[in-house]
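Since every read-out is calculated from the coordinates, none of them should be taken as a lab result. Quick caveat: nothing in here was measured; it's all calculated off a predicted structure. Methodologically, a virtual Cβ is constructed for each residue, glycine included, from the backbone with ideal geometry; neighbour enumeration extends over all protein chains shown.
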Amino acid sequence: MSESLPVEATQREQISTTIYRSADQACIRVADAISERIAENTAAGKQTVLGLATGSTPVRLYRELIRRHRDEGLSFADVITFNLDEYYGLAGSHPESYRRFMQEQLFDFIDLKPENTHIPDGAIAREDMFASCRAYEEAIENAGGIDIQILGIGRTGHIGFNEPGSTPDSRTRLVTLDSLTRRDAARDFLGEENVPRHAITMGVGSILHARQVFLLAWGEAKADVIAQSVEGPQTEAIPASFLQRHPNCVFCIDEGAARRLTRARYPWLVGTVDWSPDMIRKAVLWLSRKTKKPLLKLLEEDYSENGMADLLTEKGSAYELNIRMFNTTQHTITGWPGGKPNADDSHRPERATPFPKRSLILSPEPLDDVYCMGGTFHRLVNQGNEVTVAYLTSGNLAVPDSEVRRVIELMLELGEHRQSTEDLKFARLVERQLREKGQFGDDTPEIRHLKGLIRRAESRSSARLLDVDSERLRFLDLPFYENGRYRRFQPGESDTAKLGELLHEIRPHQIFATGLGNDPLSVPALGFEILRAALADSRTRDWVNDCRIWLYRGPGMEWETHEIDMAVPLSPDEFENKIQGIYQHQTQRNQSPSLSKGGSSNTWNLASEINHATANAYDALGLAEYEAIEGFKRWIIQS
Ligand code: F6R
C-alpha cells in the first residue's frame, strides 16, 4: 500500500488515490468506512444511505460486508440503498439484470429491508421514462442524499453508465451504451448481440452530490483509464475525471490498476527513487523510447534532461549504463525457452540442465496457450522437451449457440445416415433445449457439455499444428467454472486439489502461467490464484524448488520491454504457424480478448500486432531485428 509515500510522488494526481497490494485489502478499507458510517448514523438515530454499483469490481466488497454481517453483527436494518444503474429492457428477474445481481451478490445475505433497496426499473415503458428518472432523483433527495457512493469504472471512463460525452451536471436518464462497454459485457450475456443497447443510469451530477465517494478498480485493464481520470484534464471524454471536483473522493485501486500512474510508471519524474537494478532498467529503457535513440546512443544530456541526473551520479556514466542495459536486455533473448543443452547458461534466461525439461503450460481457457505463447510452445516441443498443456477450464461459456447448432446439424445428418438412435436422441434433445432456452436463458448441462467438447476439438487441432500429441493435452474442467457464470465464480478447494494432483503427477521443471495483475474475478486471475494455492500445498515436495515459473501476459496484452526476462523470437514461418494454430479456434473468431481496447477488432489480428510490437520495441532499443517476439517474466514463488 502506498499511504506512506512522500507527497511529491503524487503531485500529478488530482484525486486522492491509494494503491493496495490486493483488491481484498482495498475492500477492507472501504468496508471499514461503511461500517463506521452506519455505526455513527445509527448512534445518532439516523439512517445511512449507500449508493451501490454492480459489475465484477464491488463483488469482493459485498462479500466482505456479508462476512461482517454474519460474523460481526454489522446490521443493515437502518440502511437505504440506491443503485447506480440498470440495463434497459431487462426485467428484474433476468439473470443479467442488476436487480438480480444485487439480490444474489448482497441483498439476499444481509438484513437490508427489501423496501429500502432502489434500482432503476429496466422494464419501464419509454413514455414513463422521464417521470421515472425524476422520481429516482427525488427518492435519493427524500432519503437525505447519499452518504457513501461506491463506484467501479468502465474502460471507456464511465461511472455508472455515464459514457463519454456525459456532462458533469447530468442526472438520472436513459443512455446508449458504448460499443466497448457492450463488448466488455459480451461474456456475461453469452454474446455481444445479446447485450442491451441502452441503460438507465444516475448522472455524473447525481454522483457528485454524494457526500463521500469511493471508486474501486482492479487489474491492468483499468490502468489507462485510471491514469487519465486521476492525472488528466477534466473532460467529457472520460466522465470519471469529473470526480476531480468532488471534495471527498478516494480511488482505492490495486497495483494492476495503478500501473499507468506517473508514480508507478515514471517515478523518477516525480521524486527521488531507489535505483534498484529493476528501476534502472525500467528508466533507461524508457529513456531510449522517449528520445527515440537506441540504448548505445544515449548521451549524458539525455539522462540529465529527463530527470535522471541522479542516476548518473549514483550509478556511473551514460556509457557504462548504456552498455549494462544493452547486455541485460540482450541476455533476455533466447531461442531455447526450455534451456539450451550443453551450452553455457550463465547469461541465459533458462538453465541448460536438466534436459529435456518437463514443461507445463497452463492455459486458463483453450486458446490462451497458442494465442499468447504459440511460438514458444512449438519451440519447446521441437527442441525435445516433454510439454504438457493443461486447460484449466473448458471455456464452454464462450461458445455462441450458433456453433452448437452447426454441430447438431452434423450429428443429426450423421445419426440418420448411420441409423444411430442414441446419437439422434441426444442431438434432438439438445436441439430442443436450444430452442427452449431462448436468447438469454441458461445453458443446460447437455449444451454446456457439447460446447466444452467443441472447444476441446479446437484445442486438439491447434495443438496438432504445433506438433503436440493429443495425449499431452489435459482438460481439467475446473469445477469453479463448470458451476459458475462470468464475474460470479467462486473457486474452492476442489479446484486447488485438481490442479495440485496434476502438478504432483508431472513434477514440472518449468511452468508457463498467466493471470497475475488481471482483474481478480477474471478467469486468468482465478487460475493464477489456484496455481498459487496448489504450489503452496506442494511446497514440501522437492520438485517445487527446482521449478521455474514463467508468466505470459495474455490474453490481449504483452509485458513492457523492461519487464521481460525471457524474449523468445519467432521467425516469419514460426509466426505464421502460430497464427494458423489460433485460426483453429473457430468459435472464438469474434470474441475479443478481455484486455484489449480499441485497435484490432478481432482476436486474431491482435495477437499478431502484439508480437510484432514487441519485436519492434527490441529493434528500437538497438538489438537484433526479429519478425515477432513472445515475452515472459519470471515469477519467484514467495514463501
Ligand atoms: C455498474 C456500473 C459500471 C461498472 C463498470 C465496471 O453498476 O455502474 O460503471 O462499475 O462498468 O464494471 P466491472 O466492475 O465489471 O469491471
Hull surface over four for the Cα convex hull of the range 50-109, reported in nm², is 4.1
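May I ask for the Rg/Rh ratio of the range 348-411, computed from Cα atoms with Rh as the Kirkwood radius, given to two decimals? Write out the running numbers ahead of the final one.
On the way: Rg = 16.4 Å, Rh = 14.0 Å.
So for the range 348-411, dividing Rg by the Kirkwood Rh gives 1.17.
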Would you be so kind as to identify which of 317, 73, 156 lies farthest towards the positive end of the dipole of the chain, taking Lys and Arg as +1 and Asp and Glu as -1 on Cβ and the Cα centre as origin? 317
Only Lys, Arg, Asp and Glu count, each charged at its Cβ (+1, +1, -1, -1), so figure out the dipole size of the chain about its Cα centre, rounded to 20 debye. 380
Treating each Cα of the range 449-504 as an identical point scatterer and ignoring solvent, apply the Debye formula and state log10 I(q)/I(0) at q = 0.12, 0.23 Å⁻¹. -0.37, -0.99
Over 28 Å between Cα atoms, which of 222/290; 282/498; 578/633; 293/578 qualify? 282/498; 293/578
Restricting the count to DSSP beta bridges whose residues both fall in the chain, what percent are antiparallel, rounded to a multiple of 5? 30
Considering amide H positions built from the backbone, and no H for Pro or chain starts, which residues 5 or more places from residue 118, or on another chain, come under 5 Å of its amide H? 81, 82, 83
Along the range 144-150, what does the Karplus equation 6.51 cos²θ - 1.76 cosθ + 1.60 (θ = phi - 60°) give for ³J(HN,Hα), rounded to whole Hz, x for Gly and Pro? x, x, 7, 6, 10, 10, 9
Nonlocal amide H pairs with residue 511, under 5 Å, H built at 1.01 Å: 360, 548, 549, 550
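What is the calculated FRET efficiency for residue 275 to residue 237, with r their C-beta to C-beta distance and R₀ = 51 Å, to the nearest 0.05?
Numbers: r = 36 Å, r/R0 = 0.72.
So, using R0 = 51 Å, E works out to roughly 0.90.
Which of rounded, prolate, oblate describes the chain, given a ≥ b ≥ c as roots of the alpha-carbon gyration tensor eigenvalues and a/c under 1.5 marking rounded, otherwise prolate only if a/b is larger than b/c?
Numbers: a/c = 1.86, a/b = 1.15, b/c = 1.61.
Here the chain falls in the oblate category.
Using only Cα atoms, figure out Rg for the range 431-567 and give it as a multiple of 2.2 N^0.38 Å.
Details: Rg = 17.4 Å, N = 137, 2.2 N^0.38 = 14.3 Å.
Ratio of Cα Rg to 2.2 N^0.38 Å: 1.22.
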Which far-off residues, 5 or more places away or on another chain, put their amide H under 5 Å from the one on residue 170, with H placed in the peptide plane? 204, 205
Looking at the range 434-520, which trypsin sites (Lys or Arg not before Pro) are DSSP coil and have at most 16 other C-beta atoms within 10 Å of their C-beta? 485, 488
